[in-house]
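Visitor: Questions regarding the structure given below will be posed in turn.
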Amino acid sequence: MSQKLLHNLRVMNPYGDPEYLENAYILIEDGTISSISDVLTADDFSGETIDMGGKTVLPGMINAHTHLYSTLALGMPPPKNTPTNFVEILKEIWWKLDLGLDRESTKASFETGLLDALRNGVTTVIDHHASPNFVNGSLELLANTADKLGINICLCFESSDRNGLDNFQEELQENLNAIAKYTDHPHIEALLGLHASFTLSDESLQKVSDALKEFPETGIHIHVAEDLADEKDAQRKGYASVIQRLDHFGLLTNRALIIHGVFITREDRHTLLKSGCRLIHNPTSNAGNQVGILETEIIESLHAGLGTDGKQNNMLSEVREGALIRSAASDHQVDYLKLLFDHNPEIVNRFFKPTLGHLSPGNQADLVFYDYLPRTEINRDNFIKHLLYGLGKPCDVMTRGEFRLKDNVILNIDEKEVLRQAQVQSRRVWDAMEKI
Ligand SMILES: [Zn+2]
């Protein structure tokens, strides 16, 4: 058995047990936390002892919805035609970016997106991928890239009719290949990705429904009612709502992930509660697209998770900004920290074993360390404020009991070379977008 004993730590473990400790020890055995305490209890210890020098440790964070394919959008030229609504934002920006991706630029997007996630303390990513001109093998590339960095990945390809039915068929097959391939993998999980109801015909949803019957252990991952346009499209197709349309095709299983849901109705909420599928809220993306604010009551009753929709990789920023956006627009507040540290672990622990998201015995040893010297008193009653407003970026990240970032240096990968390559690829993608 491989053993590591970390000591001299301050533990911040929101919604976990213990929630806060000073001068703590964490014993890791074969990549799993076996004990966490402020009293040393390792009797027959024969492994490595590591003095963490008083650093603060948090559980590795989970991003419950993102798009790594959009990583190279940072700094890209503005669109030729300025979009004036949500569907135009998709057509003028994101559907051009995804069409511009080939294998090399997709690889650069995955590598740099996941490196940025790691540098922000995110150790588990639920990704919704699109690269319609590079479909076959794209999910394997993502799985391999995440595994090389020690990041747990829940992946899918967002199938859509928007580039033709042959393309849809290829995208559906890419999902099915990944689902079959990673069934028993401890750190890689595959879902069946769908872009959104408004870019899928009834015939395509029927094909998805038939395919899911072969793989009952997985579920769909789809944008729902992000904008009113999605709801209006479902109504034009003869359904009361997007959720009722998905339910009609039997797609709302207890493994399904429903993203956004800004315009879902009370009846929809009832359907979602009954089905057991989970809603993921992305506050900064919704604010950026000016689509509206998801109701507090829906977030709370459905135990929504927290994602960033590709806007950023810093989950603590998403918590802070989500709270501020809501505070400016509504009298009803949401405990965004609970979404991140309680609901997100609940969601991924449907898929991953050993369990993730808490610094508790039995959890995978995914740990994020901060070199933090508080300027005010810190204790178990106020540590949440320090967590939210005091911590900077992590200096060390460990997953599965192994350091991936140590003293601000990424291990086992030449980060500078990856970034140099990504700069070249970003220009190629932006040039390709110009021609679309
Ligand atoms: Zn999204």
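Visitor: Compute, for the chain, the length of the dipole vector about the Cα centre, with Cβ point charges of +1 (Lys, Arg) and -1 (Asp, Glu) only. Units Debye, rounded to 20.
Guide: It works out to roughly 720 debye.
Visitor: GNM, the chain, Cα, under 10 Å: largest mean-square fluctuation among Asn382, Asn136, Asn63?
Guide: Asn382
Visitor: Choose one answer from Ala130, Ala329, Ala304: the residue with the largest mean-square fluctuation in a GNM of the chain with alpha-carbon springs under 10 Å.
Guide: Ala329
Visitor: While we're here: How high is the FRET efficiency from Asn412 to Thr82, r the C-beta distance, R0 35 Å, rounded to 0.05?
Guide: My answer for the efficiency is 0.25.
Visitor: Quick one: check the C-alpha center-to-center distance for the range 276-294 versus the range 327-346, whole angstrom.
Guide: Computed from Cα coordinates, the inter-centre distance equals 12 Å.
Visitor: Once phi is turned into θ = phi - 60°, what whole-Hz ³J(HN,Hα) does the Karplus curve with 6.51, -1.76 and 1.60 give for every residue of the range 360-370, x standing for Gly and Pro?
Guide: 9, x, x, 7, 4, 7, 9, 10, 10, 10, 10
Visitor: Out of residues 5 or more away from Ile50 or on other chains, whose amide H comes under 5 Å of its own, with H placed 1.01 Å from N in the peptide plane?
Guide: Amide H to amide H, under 5 Å and 5 or more residues apart or across chains, Ile50 pairs with Leu5, Leu6, His7.
Visitor: Within the chain, what's the longest stretch lacking trypsin sites (Lys or Arg not before Pro) that sit in DSSP loops with no more than 15 other Cβ atoms inside 10 Å?
Guide: The longest such stretch corresponds to 81-236.
Visitor: Where both partners of a DSSP beta bridge lie in the chain, what percent of those bridges are antiparallel, to the nearest 5?
Guide: The answer is about 45 percent antiparallel.
Visitor: May I pose another question? What are the residues whose amide H is under 5 Å from the amide H of His221, where those residues sit 5 or more places off or on another chain and H is modelled from the backbone?
Guide: Hits under the 5 Å cutoff: Leu192, Gly193, Leu194, Leu257.
Visitor: Round to a whole angstrom and tell me the spacing of the C-alpha centers of the range 1-66 and the range 132-157.
Guide: Each part reduced to its Cα centre gives a spacing of 29 Å.
Visitor: Continuing with the same structure: Give me the distance in nm between label points sitting 7 Å out from Cα along the Cα-to-Cβ direction at Lys385 and Leu40, one decimal.
Guide: 3.5
Visitor: Also: Could you give each residue of the range 218-225 its phi-based ³J(HN,Hα) in whole Hz, using Karplus coefficients 6.51, -1.76, 1.60 with θ = phi - 60°, and x for Gly or Pro?
Guide: Residue by residue, the range 218-225 yields 10, x, 7, 9, 9, 6, 10, 6 Hz.
Visitor: Rounded to the nearest 0.05, what FRET efficiency is calculated for Lys435 and Asn144 with R0 set to 41 Å and r the Cβ-Cβ distance?
Guide: Step by step, r from the Cβ atoms, then E = 0.85.
Visitor: Can you work out the PRE-style zone for Ser360? Point 7 Å along Cα to Cβ, and I want the residues of the range 318-344 with backbone N under 18 Å.
Guide: Correct set: 337-344.
Visitor: Along Cα→Cβ, 7 Å out, is where each label goes; now give me the distance between the ones at Lys237 and Ala329 in nm to one decimal.
Guide: Here the modelled spin labels are 2.5 nm apart.
Visitor: For the chain, what does the relative contact order come out to in percent, with C-alpha contacts under 8 Å and a separation of six or more?
Guide: After rounding, I find 21 percent.
Visitor: I'd like to check one number: the per residue accessible area of the range 61-348, probe 1.4 Å, reported in Å² as a whole number.
Guide: So the range 61-348 comes to 35 Å² accessible per residue, rounded to a whole number.
Visitor: May I ask you to compute the full-extension gain from Trp94 to Glu217, defined as 0.36 nm times their residue separation minus their alpha-carbon distance, rounded to one decimal in nm?
Guide: 41.2 nm
Visitor: Divide by every residue of the chain the summed helix terms, -39500 (n - 2.57) for each DSSP H run of at least 4, and state the resulting mean residue ellipticity at 222 nm, rounded to the nearest 500 deg cm²/dmol.
Guide: Per the formula, -10500 deg cm²/dmol.
Visitor: Read phi for every residue in the range 414-423 and hand back ³J(HN,Hα) as whole Hz from Karplus 6.51 cos²θ - 1.76 cosθ + 1.60, θ = phi - 60°, with x for Gly and Pro.
Guide: 7, 4, 4, 5, 4, 5, 4, 4, 5, 4
Visitor: Fully extended, how many nm does the chain gain between Arg375 and Asp210 (0.36 nm per residue separation, minus their Cα-Cα distance)?
Guide: 53.6 nm
Visitor: Now a separate question. Evaluate the distance, in nm, between pseudo-label points positioned 7 Å from the Cα of Glu402 and of Arg266 along their respective Cα→Cβ axes.
Guide: 5.3
Visitor: For the range 221-269 and the range 201-218, what is the separation of their Cα centres, given in Å?
Guide: 16
Visitor: A further question follows. Output the direction-averaged projected area (hull surface divided by four) of the convex hull of the alpha-carbon atoms of the chain, in nm².
Guide: If I average the Cα hull's projected area over directions, I get 20.7 nm².
Visitor: Hey, with R₀ at 22 Å, roughly what FRET efficiency would His303 and Thr253 work out to, going by the Cβ-Cβ distance, to 0.05?
Guide: In this case the efficiency is close to 0.85.
The values are calculated or read from the model by the stated rules, or taken from the named source; none is laboratory data. Nothing here was measured: the structure is a model prediction, and the numbers come from that model. Don't worry about glycine lacking a Cβ; one is built from the backbone with ideal geometry, like all the others, and counts go over all protein chains shown. Surface accessibility is based on the protein's heavy atoms, side chains included, excluding ligands, DNA and RNA. Shrake-Rupley method; radii C 1.70, N 1.55, O 1.52, S 1.80 Å.
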